[in-house]
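The values are calculated or read from the model by the stated rules, or taken from the named source; none is laboratory data. These numbers were taken from a predicted model, which means no experiment stands behind them. Here the Cβ is made from the backbone with ideal geometry for all residues, glycine too, and neighbour counts use every protein chain on show.
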Amino acid sequence: MRRRQLLGGTGLALATATAGCLGFVTGEEPLSFAADPAVASEDTAGETGYETEGPQERTESREFTVAGQTRQVEVTNQVTTYEKTVEYPAIGEARLGVFAVISSPKVEIAGQTLNPMEDYSNKRLVELLASQYEGISDPSRVGERTVETLDGELTFEKYEATATVQGHDVDVFVHVGRTAHGDDFVVPVALYPKQLADDERPNAVALTESLEHPA
């Protein structure tokens, strides 16, 4: 069941007026929210050399407290991951360029908007998305820039960190941004070796600027 908003001038009680939500009101069933997918434009991905298999759903359960009552909410996020094969010393060719975009639904219950992404630190986002890296450690924020995307602007924060690839330590830059668009929160993340920053930093910005949501 897909629910974007649960109206409630009198707390959770008015949810009984929404068909199929009685189980949520009584605490017997979770309420489900699902995001629309977000993607980089196909042209920009092709020009920058990044490839994707398309959006994938990731569903998780959360507890939210509204009007003194705790209820279970099921959140379905959409994650689109792009990867690029690059040449790196001592490793050779490997898929070391990563760009990913998460869309996560706004949860609105009884007039209260809750952000499912709030408890995801930037480090946690990197760990979730950079699956081909064996590990990301010691992230340190080193700057930020403003990027225009999705009819607005977002702050693209820049971090430096150490990643492990095939047993080798690789110094990397990571960029993370967050913005609200439509009924969802959209979070782009880019990761690439510092040694390739001159080439990959402009690509990360271009991919972010080209975001389309809903896709």
Some residue of segment 171-187 being small (Gly, Ala, Ser), at pLDDT below 95 and not in a loop (DSSP other than H, G, I, E, B): yes
Condition met for residue 161 (touching a Ser or Thr at 6+ places or on another chain (Cβ under 9 Å), at pLDDT 95 or above and not polar (S, T, N, Q)): no
So residue 202, is it surrounded by fewer than 20 Cβ atoms within 10 Å (Cβ to Cβ), in a loop (DSSP other than H, G, I, E, B) and at pLDDT 95 or above: no
Residue that is over 16 Å from residue 178 (Cβ atoms), at pLDDT below 75 and surrounded by 18 or more Cβ atoms within 10 Å (Cβ to Cβ), where the choices are 110, 40: 110
Breaking point among (1) assigned to a strand (DSSP E or B); (2) within 18 Å of the chain's Cα centre (by Cα), for residue 208: (1)
Residue match in segment 16-28 (condition: modelled with pLDDT of 80 or more and touching a strand residue (DSSP E or B) at 6+ places or on another chain (Cβ under 8 Å)): no
Candidate set: segment 53-89, residues that are in contact with a helix residue (DSSP H, G or I) (Cβ under 8 Å, 6 or more places away or on another chain) and hydrophobic (A, V, I, L, M, F, W, C); chosen: the one nearest to residue 104 (Cα to Cα): 79
Residues within segment 131-169 that are β-branched (Val, Ile, Thr) and closer than 29 Å to residue 91 by Cβ, tallied: 5
Qualifying position, being within 24 Å of residue 182 (Cβ to Cβ) and surrounded by fewer than 20 Cβ atoms within 10 Å (Cβ to Cβ), among 47, 60, 51: 60
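Rundown of residues vs (1) at negative phi; (2) not polar (S, T, N, Q), yes/no style:
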site	(1), (2)
39	yes, yes
45	yes, yes
52	yes, no
77	yes, no
82	yes, yes
92	no, yes
101	yes, yes
104	yes, no
107	yes, yes
